[in-house]
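Enquirer: I'd like to ask some things about the structure below.
The values are calculated or read from the model by the stated rules, or taken from the named source; none is laboratory data. Bear in mind that the values here come from a model prediction, so they are computed numbers and not experimental data. Heads up, the Cβs are rebuilt from the backbone with ideal geometry, glycines too, and the neighbour counts pull from every protein chain shown.
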Amino acid sequence: MRKICIFTSTRAEWGLLQGVATELRQAEDCELQILASGSHLSAQLGMTIDEIETAGFQIDERVDILKFDDSPIGICQIMGLALSGYGEALLRLSPDLIVILGDRYESFCLAAAAQVLRIPIAHIHGGETTEGAVDEAFRHSITKMAHIHFPSCEDYRNRVMRLGEAPESVFNVGALGIENIRKIQCLTRAELEASLQFSLQAPVFLVTFHPVTLEHATAGAQVQQLFDALDRFPEHQIIFTKANADTDGQVINEMIDRFAAINPQRCLAVASLGLQRYLSAMKICAAVIGNSSSGILEAPIFNVPSVNIGDRQKGRLRVKSILDCKADTNAISQAIETALTESFRHDIRDLIHPSEQADTAQKIVRMLATVELQGIIKKSFHDIKADDGE
């Protein structure tokens, strides 16, 4: 049995990885391990490890790292704790292969520990760019430590290869988030209301705003600009999903709580909706607003407009349902007004997303189960030549 360890530290990441975990659990030739950390173990951020266990998965290792504040030096202290804790957990688990998704600092620390322990890494969603976040550098660093790569489209596959990864180790498999939408049974509006215990009688905005971590102390001012814009649409209700464990994330969450308390009939603020409720809210909403990657990747599959604020997601591939704007009240308001027009909603029907493929999770698991691991650690830099077509 090949022991394959999935690492997860955030609600969004687990939402994408759950399909892979399900396929691995069912595979006869693989043993699934789950290492959970980060915001999953924080009551303040929703204790989302409960969602993993409620879905029937066993947590093999828990590494609690959020013992410091979310200041830059606090994040550095968290990363030091993470590197040590992850190394010890990996020694106990002794996996044959580790699965890491994305670009967060926790994932970077896990990859670094695995690199030192000589454990092969499979990296999902490499090759993408988020120019407004420190995650940009973490993602490409993880790519260089990884041995098997699962980018979500051909453009991203080419970027991974330009980083020196051999073409035979880079597989364009599509996006797990899009596959989730095609597979998950969304709740009706009435079912969602009952689950949230919140009446949704008006049109709804789904709002998620994370810190732009390459900017200095802009979170509070930007969120206030967002609130001022939302106040111009009083006929719309708002579901807020709170920021993750990044620098100034707590600033944003405290502001959201105050705004929701002032507008209790109009606003619902939650640390985590869970995958089914989040996609259900996205399906019925008038627009997705904020700077989450889900507005770039998943919302277009529902033909729902996205108002993408600021630079956090700068560099990602776009489809025409996404309206980019500055973190300015007037710019946000104008983008929302455009998103709500019938003509714009008509124009974004039947979008074709470059990251959509069938059977993404199955493709990943099939490769994880069969890839040759003997000698995989000794990889070399693959130089691109003229005949490579790059």
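Enquirer: Please verify whether A299 is of a type in the set (A, V, I, L, M, F, W, C) and surrounded by fewer than 22 Cβ atoms within 10 Å (Cβ to Cβ), treating the condition exactly as stated.
Expert: No; evaluated as a whole, the condition is false for this residue.
Enquirer: Could you grab me the full set of residues in the range 331-390 that are among the acidic types (D, E), in contact (Cβ under 8 Å) with a residue 12 or more places away in the chain and part of a helix (DSSP H, G or I)?
Expert: Answer for the range 331-390, where residues must be among the acidic types (D, E), in contact (Cβ under 8 Å) with a residue 12 or more places away in the chain and part of a helix (DSSP H, G or I): D347, D388.
Enquirer: Would you point out the residue of the range 279-296, among those that are out of contact with any helix residue (DSSP H, G or I) (no Cβ under 7 Å at 6 or more places or on another chain) and part of a loop (DSSP other than H, G, I, E, B), that is surrounded by the fewest Cβ atoms within 10 Å (Cβ to Cβ)?
Expert: If we take residues in the range 279-296 being out of contact with any helix residue (DSSP H, G or I) (no Cβ under 7 Å at 6 or more places or on another chain) and part of a loop (DSSP other than H, G, I, E, B), then C285 is surrounded by the fewest Cβ atoms within 10 Å (Cβ to Cβ).
Matching residues to (1) out of contact with any Pro (no Cβ under 8 Å at 6 or more places or on another chain); (2) closer than 21 Å to Q276 by Cα; (3) hydrophobic (A, V, I, L, M, F, W, C):
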| site | (1), (2), (3) |
| --- | --- |
| I4 | no, no, yes |
| T8 | yes, yes, no |
| W14 | yes, yes, yes |
| G19 | yes, yes, no |
| T22 | yes, yes, no |
| R25 | yes, yes, no |
| E28 | yes, no, no |
| S37 | yes, no, no |
| L41 | yes, yes, yes |
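Enquirer: So which residues in the range 48-74 are touching a residue at least 40 places away in the same chain (Cβ under 8 Å) and within 20 Å of L275 (Cβ to Cβ), if there are any at all?
Expert: T48, E51, I52 - these are the residues of the range 48-74 that are touching a residue at least 40 places away in the same chain (Cβ under 8 Å) and within 20 Å of L275 (Cβ to Cβ).
Enquirer: Take the residues in the range 10-25 that are in contact with a Lys or Arg (Cβ under 8 Å, 6 or more places away or on another chain) and of a type outside the set (G, A, S), then tell me which one is surrounded by the fewest Cβ atoms within 10 Å (Cβ to Cβ).
Expert: T10
Enquirer: I need the full set of residues from the range 27-40 which are at pLDDT below 95 and either polar (S, T, N, Q) or closer than 13 Å to L101 by Cα (or both), in order please.
Expert: S39
Enquirer: Does the range 41-48 include one or more residues that are over 15 Å from D246 (Cβ atoms), assigned to a loop (DSSP other than H, G, I, E, B) and at pLDDT 95 or above?
Expert: No - not one qualifying residue is present in the range 41-48.
Enquirer: Here is a list of conditions, (1) surrounded by fewer than 24 Cβ atoms within 10 Å (Cβ to Cβ); (2) closer than 20 Å to A175 by Cα; (3) modelled with pLDDT of 95 or more, and S321 meets all of them except one; can you say which number that is?
Expert: (1)
Enquirer: If only one of I65, I34, I59 is in a loop (DSSP other than H, G, I, E, B) and buried (at least 22 other Cβ atoms within 10 Å of the Cβ), which one is it?
Expert: Answer to the check: I65.
Enquirer: Hey, another quick one. Given the options Q276, Q250, Q265, Q224, name the one that is within 17 Å of the chain's Cα centre (by Cα) and not in a strand (DSSP E or B).
Expert: Q276 is the lone residue from the list that is within 17 Å of the chain's Cα centre (by Cα) and not in a strand (DSSP E or B).
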